[in-house]
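Trainee: Below are the structure tokens for one structure; questions will follow.
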Amino acid sequence: MTDPISGFSRLSKEEKIEWLNRTYLQQSEEASRILRQYWNPDAKLQRLHEEFTENTLSNFYLPFGIAPNFLINGQRYAIPMVTEESSVVAAASKAAKFWGTRGGFQAEVINTRKVGQVHFSYKGDPAKLQSFFQRTKPRLIASVADITRNMEKRGGGVLDIELRDKNHELEHYYQLHGTFDTRDSMGANFINSCLERFAKTFKEEALKFADFNKEERDLEIIMSILSNYVPQCLVRVEVSCPVEDMASSEMSGEEFSRKFLRAIEIAKVEPYRAVTHNKGAMNGIDAVVIATGNDFRAVEAGIHAYAAKDGTYTSLTHAEVEKGVFRFWMEIPLALGTVGGLTRLHPLSRVALDILQKPSAEQLMKIVAVTGLAQNFAAVSSLITTGIQKGHMKMHLLNILNQLEASIAEKEQLVDFFRDKTLTYSAVGAELEKIRKA
Ligand code: MEV
């Protein structure tokens, strides 16, 4: 076992790599070379990236792609997507084109409320706590005036604070449940700063509250933190068209719609399928969330919690056929920002937001949700018609060829060769071998 290292964060980038080399990489020059190879020659740009986080050694590339032809509420978008998965951008583009000729996507923001909580323990009379809270609430709001001033100028701020009694779920557990409008910022820092100030004020006021006995005064703040569960920060997206317009070379519109609805019903009742079904939507959602410098972990956590809100994990998307019209829709919570955080700090996120015509947070919610719906539509459509492997493995061919270190000429020859053949890793390997021997 290696000895622990102290002061690692204070070492220079070179010293950190050197230490890793010595400790874990058997002095491999290869690892150092690759880490250095990804440094940006523009020192200022490199430094900007390094300072996003700590102990940075290098940069980690992901492809930044574009899915054009999205028609959302009558406006045409080219959507930037950052993803490593083959087929995802192609599938989004295909779905965008398909729905672009069928009226496009309709999107609507239902609400934009975010939540943060101060969790505390209190071992006293609940009625006294309630009256203390009512008396203290205006002071709590006043105590964050310096934090909320700018947000209020932009139309946001603290919407409300409630005292919630959670004693029935966990003994002595209470919370200050705050709701916030953070306008075009994701708002994590804003909400957390407000919450920490609420907690401080609440504790200080409790110490002074004459009706409390000693034990009640000793209410204990456990933690103050925003919630990534945002069921009141909701967007709804939808596509629809006459059933006959769903026809393809594989099947009639009626057969396609019937199978599609059945696939959604299966995802509604079967969690094993629901998780994969929703993962298809997340392929689109995450890609835009990452491209625009938003927090994809927060988005993932919030959306999956929403998919389980009724007690069972289920499909995020819904479909119906009524009076000859096929309708497909999704409603998801999304806490996003178009200002603050990395959104305009990462040069590529800035470009992504510019490509999207500098959207507000609400517009971005619509764009992200539409990409998720498009992706889910594309995945389920493939699954119920040709199966996904046909398209997937074709796109994956380049990954396989890169792994096998094929030259450009070999790649061209093999892409052509596998155009109408079943693709497996070993088949590609064998064919490459043949070319090389020849
Ligand atoms: C693959 O990344 C996503 C799919 O598995 C989604 C689905 O099964 O619906 C194709």
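Trainee: Apply the a/c threshold of 1.5 to the C-alpha gyration tensor of the stretch 337-406 and tell me whether it is rounded, prolate or oblate.
Mentor: Note, shape of the stretch 337-406 comes out oblate.
Trainee: With each label point set 7 Å from Cα along the Cα-Cβ vector, what nm distance links Thr386 and Asp160?
Mentor: 5.1
Trainee: Scaled to the compact-protein estimate 2.2 N^0.38 Å, what is the alpha-carbon radius of gyration of the stretch 233-302, rounded to two decimal places?
Mentor: Ratio of Rg to 2.2 N^0.38 Å for the stretch 233-302: 1.40.
Trainee: Considering the dipole of the stretch 114-226 built from charges on the beta carbon (Lys and Arg +1, Asp and Glu -1) around the Cα centre, which of Ile221, His177, Ala188 is farthest to its positive end?
Mentor: Ala188
Trainee: How big is the stretch 114-226 by Rg and Dmax over its Cα atoms, in Å?
Mentor: Spelled out, the Cα radius of gyration and Dmax of the stretch 114-226 are 14.0, 44 Å.
Trainee: Just how far, in whole angstrom, is the stretch 160-207 from the stretch 68-102 if you go by their alpha carbon centroids?
Mentor: 40
Trainee: Let me make sure I get this right: for the stretch 8-50, a, b and c are the square roots of the gyration tensor eigenvalues over alpha carbons, sorted descending. Under 1.5 in a/c it's rounded, otherwise prolate if a/b > b/c, else oblate. Which is it?
Mentor: oblate
Trainee: Oh, and also: Charges at C-beta only: +1 for Lys and Arg, -1 for Asp and Glu. How large is the resulting dipole of the chain about its Cα centre, in Debye rounded to 20? Mind showing how you got there, number by number?
Mentor: On the way: 54 positive and 55 negative charges, 135 e Å.
Magnitude of the dipole: close to 640 debye.
Trainee: Calculate the length of the line joining the C-alpha centroid of the stretch 375-425 to that of the stretch 229-301, in whole Å.
Mentor: About 23 Å separates the Cα centre of the stretch 375-425 from the one of the stretch 229-301.
Trainee: Please report the projected area of the stretch 66-136's Cα convex hull averaged over all directions, in nm².
Mentor: Directional mean of the projected Cα hull area for the stretch 66-136 stands at 9.5 nm².
Trainee: Another one. As an exercise, use a Förster radius of 30 Å and the Cβ-Cβ distance of Gln26 and Glu433 to find the FRET efficiency, rounded to the nearest 0.05.
Mentor: It comes out at approximately 0.45.
Trainee: In angstroms, what radius of gyration and Dmax does the chain have, counting Cα atoms only?
Mentor: 26.5, 93
Trainee: Another question about this same structure. What is the dipole size for the stretch 126-257, taken about its Cα centre, with +1 at each Lys and Arg Cβ and -1 at each Asp and Glu Cβ, in debye to the nearest 20?
Mentor: 1260
Trainee: Would you work out if the stretch 3-153 is rounded, prolate or oblate? Take a ≥ b ≥ c from the square roots of the eigenvalues of the alpha-carbon gyration tensor; rounded if a/c is under 1.5, else prolate when a/b is larger than b/c, oblate otherwise.
Mentor: Numbers: a/c = 2.72, a/b = 1.16, b/c = 2.34.
Oblate.
Trainee: Please report the equivalent ellipsoid semi-axes of the stretch 144-190, computed as sqrt(5 x eigenvalue) of the Cα gyration tensor, largest first, in whole Å.
Mentor: In descending order the semi-axes read 28, 10, 8 Å.
Trainee: Please give the charge dipole size of the stretch 391-437, origin at the Cα centre, charges +1 on K and R Cβ atoms and -1 on D and E Cβ atoms. Round to the nearest 20 debye.
Mentor: 80
Trainee: What accessible area per residue, rounded to a whole number of Å², is obtained for the chain using a probe radius of 1.4 Å?
Mentor: 52
Trainee: Name the longest site-free stretch of the chain, where the excluded sites are chymotrypsin sites (Phe, Trp or Tyr not before Pro) in a DSSP loop with no more than 13 other beta-carbon atoms within 10 Å.
Mentor: Longest run free of exposed loop sites: 62-438.
Trainee: Could you give the C-alpha radius of gyration of the stretch 99-144 expressed as a fraction of 2.2 N^0.38 Å, taking N as the number of residues it contains?
Mentor: This ratio for the stretch 99-144 stands at 2.28.
Trainee: If r is the Cβ-Cβ distance from Trp39 to Glu85 and R0 is 41 Å, what FRET efficiency results, to the nearest 0.05?
Mentor: 0.95
Trainee: Here's a follow-up. Output the 0 to 90 degree angle, nearest 10, between the alpha-carbon long axis of helix 296-307 and the longest principal axis computed from the alpha carbons of the chain.
Mentor: So the inclination is approximately 80 degrees.
Trainee: How far is helix 88-100 tilted off the main Cα axis of the chain, in degrees rounded to 10, range 0 to 90?
Mentor: Once rounded, one gets 90 degrees.
Trainee: Does anyone have the angle between helix 271-291 and the longest principal axis of the chain? Alpha-carbon axes, 0 to 90°, nearest 10?
Mentor: Relative to the chain, helix 271-291 is tipped by roughly 90 degrees.
Trainee: State, to one decimal in nm², a quarter of the convex hull surface area for the C-alpha atoms of the stretch 391-437, i.e. the direction-averaged projected area.
Mentor: 2.8
Trainee: Run the accessible area of the stretch 220-315 with a 1.4 Å probe and give the carbon-and-sulfur part as a rounded percent.
Mentor: 55
Trainee: Starting from the eigenvalues of the Cα gyration tensor, five times each then square-rooted, give me the equivalent ellipsoid semi-axes of the stretch 238-384, largest first, whole Å.
Mentor: 30, 18, 12
The values are calculated or read from the model by the stated rules, or taken from the named source; none is laboratory data. Just so it is clear, the structure is predicted and the values come from calculations on it, not from any experiment. Every residue, glycine among them, receives a Cβ derived from its backbone with ideal geometry; neighbour counts consider all protein chains shown. For the accessible areas, the whole protein counts, side chains as well, though only heavy atoms, and no ligand, DNA or RNA atoms are used. Shrake-Rupley method; radii C 1.70, N 1.55, O 1.52, S 1.80 Å.
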